[in-house]
Amino acid sequence: MAGEPKLSGRLRAFLDGREGKAARKAMEILLALARVFGAERFVPVSSAQISGVSYATLSDAGLEFLESFAEDGRVRVPAVLNPAGMDLQQWREMGVGESFAEKQKRVLDAYRKMGVTLTCTCTPYLAGLVPRKGELLAWGESSAVTFVNSVIGARTNREGGPAALAAAVVGEAPLYGLHLDANRMPRIEVRLKGSLRSAADYGALGIVLGKRIGGDIPLLESGFEPTSEGLRALSAALPTYSGVSLFHWRDVTPEWRQWKPPGDTITVGPEEIEAARLECGSDEKEVSLVFTGCPHLGIEEVQTLAGRLRGRRVGTPFWIFTSRRVVEIARQQGLVEPIEEAGAKIFSDTCPVVAPSTEKFDSVMTDSAKGCYYMRGVHGSSVHLASPDECIDRALAGPAGALL
Ligand code: F3S
């Protein structure tokens with residue numbers, strides 16, 4: 001059995017309450033985590049990404065915890081947030097009520113008071129917070145965690161909201177799990193036959209891996225170079241369907257060379273990918289909402305959307321999710337107008353799963369396998385997983401869709 005984690009004088013001061021009430025609580029949370037995972041010591045983290053932001057998931061108990069924590073809690077490393085339950089500016093357009101909005105704003109005020117940057121996104125690495133290879137982090141959202149572990153080569157466990165906040169306050173986290181070399185080794189080689197055509201296929205690959213490799217870290221091998229949207233889609237689907245927050249990809253990800261090839265190998269082909277896509281979501285019901293941006297889109301994808309929507313009109317509600325930083329860049333590039341003129345809506349700060357506004361849509365089409373999983377599981381919607389192009393076509397093809 002692991003011994004008690006070693007604490008520096010600095011950390012003892014937190015624990016003794018010499019840095020205030022919230023800092024003591026933060027240290028207690030981290031110490032409990034360290035004991036559970038057998039961490040021997042703590043290490044500085046360079047940033048935190050904190051989940052537990054939407055009032056829909058926090059409720060009054062979570063809000064009260066945050067407000068009390070914010071009385072004297074201050075973050076000591078750069079910290080950003082996961083999506084909130086509404087667009088902080090366009091919440092009325094989302095159909096959010098006054099009372100929810102008021103509580104959601106109080107959540108954000110508490111984080112602001114603690115010094116957290118109010119960037120609410122699951123792709124902070126596309127919105128100004130870009131970790132470097134080898135950096136140790138305390139991030140929370142599963143797709144962000146998997147992307148930075150796998151594609152950037154930074155190191156973070158999937159920290160729950162209180163643990164990520166505590167790490168931001170203390171500036172350190174227990175050293176365990178995916179921080180350590182021993183837990184980042186690939187256990188199975190996955191040879192991909194054919195190619196992956198769209199984000200939906202990468203998501204379907206995450207579903208196949210969840211079924212076939214269980215909790216093992218995969219080393220993927222392909223005859224093509226994966227796209228950056230594809231790597232984000234896989235980063236969202238893999239932890240959703242398997243619980244694994246790290247993958248390696250031969251010739252692509254920064255750590256793959258570091259490891260000996262694992263002994264076991266499986267092959268995944270296009271038929272299996274297509275079957276997983278259909279199984280994930282191909283409900284035949286009339287689509288009442290099309291959405292994209294799970295995970296939040298980058299500027300290149302917004303450019304593509306604006307190009308496809310310019311001069312057209314959507315006939316089915318079409319919601320696009322991204323970070324506020326990307327929306328600001330899109331606005332400067334004149335991309336928001338054609339999207340809005342087409343009748344589509346571009347929202348930031350929030351996501352389709354943690355925003356209660358999407359509950360009213362009983363049948364959704366999306367290019368996100370993770371989105372399908374949660375829209376069905378959390379909101380009970382029927383779901384349809386399709387490529388980004390098919391999503392746009394479907395939005396345009398609704399009853400009111402036409403050339404302007
Ligand atoms: Fe991001 Fe929400 Fe999807 S946090 S990955 S948009 S479920």
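Structure above, values below:
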read-out	value
Separation in nanometres of the label points that stand 7 Å from Cα toward Cβ, at residue 363 and residue 259	4.2 nm
Where labels lie 7 Å past Cα in the beta-carbon direction, separation of residue 193 and residue 180 in nm	3.9 nm
Quotient of Cα Rg and 2.2 N^0.38 Å for region 1-125, N being how many residues it contains	1.20
Cα gyration tensor category, rounded, prolate or oblate, for the chain with a/c compared to 1.5	oblate
Förster radius 35 Å - calculated FRET efficiency between residue 90 and residue 7, Cβ distance, rounded to 0.05	0.15
Linear extension gain, residue 251 paired with residue 389, 0.36 nm per residue minus alpha-carbon span	46.9 nm
Cα-based Rg and Dmax for region 323-402, where Dmax is the largest Cα-Cα distance (Å)	13.7, 38
Lys pairs under 22 Å by Cα in the chain, provided they are eight or more residues apart or on distinct chains	17
Dipole of the chain, positive end: most advanced residue of 140, 377, 290 [Cβ charges, Cα centre]	140
Percent RCO, i.e. relative contact order, over region 1-78, from Cα pairs under 8 Å lying at least 6 residues apart	37 percent
Cα centroid of region 360-379 to Cα centroid of region 278-356, whole Å	15 Å
Whole-number percent relative contact order across the chain, with pairs defined as alpha carbons under 8 Å at least 6 apart	17 percent
Ranking of 391, 280, 122 by count of other Cβ atoms within 10 Å, fewest first	280, 391, 122
Global geometry of region 285-348, whether rounded, prolate or oblate, following the gyration tensor of its Cα atoms and the 1.5 cut on a/c	oblate
Model label zone, residue 28; criterion: amide N under 16 Å from point 7 Å along Cα-to-beta-carbon; scope region 50-66	65-66
Nitroxide proxy distance, nm - points 7 Å out along Cα→Cβ at residue 271 and residue 68	5.9 nm
Local electrostatic count, residue 52, Cβ distance below 12 Å [Lys/Arg +1, Asp/Glu -1]	-2
Calculated FRET value between residue 279 and residue 332, using beta carbons and R₀ = 35 Å, to 0.05	0.25
Solution diffusion estimate, µm²/s, Stokes-Einstein, region 106-164, Kirkwood Rh from C-alpha pairs, 37 °C, viscosity 0.692 mPa s	272 µm²/s
Cβ-defined net charge surrounding residue 134, 10 Å radius [Lys, Arg +1; Asp, Glu -1]	+1
Most fluctuating residue given options 275, 199, 144, as computed from a GNM of the chain linking Cα atoms under 10 Å	275
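Computed from the coordinates by the stated procedures, all read-outs in this text should not be read as laboratory data. Every value quoted in this text rests on a predicted model; they were computed, and no experiment measured them. Glycine also receives a Cβ, built like all others from the backbone with ideal geometry; neighbour counts cover every protein chain displayed.
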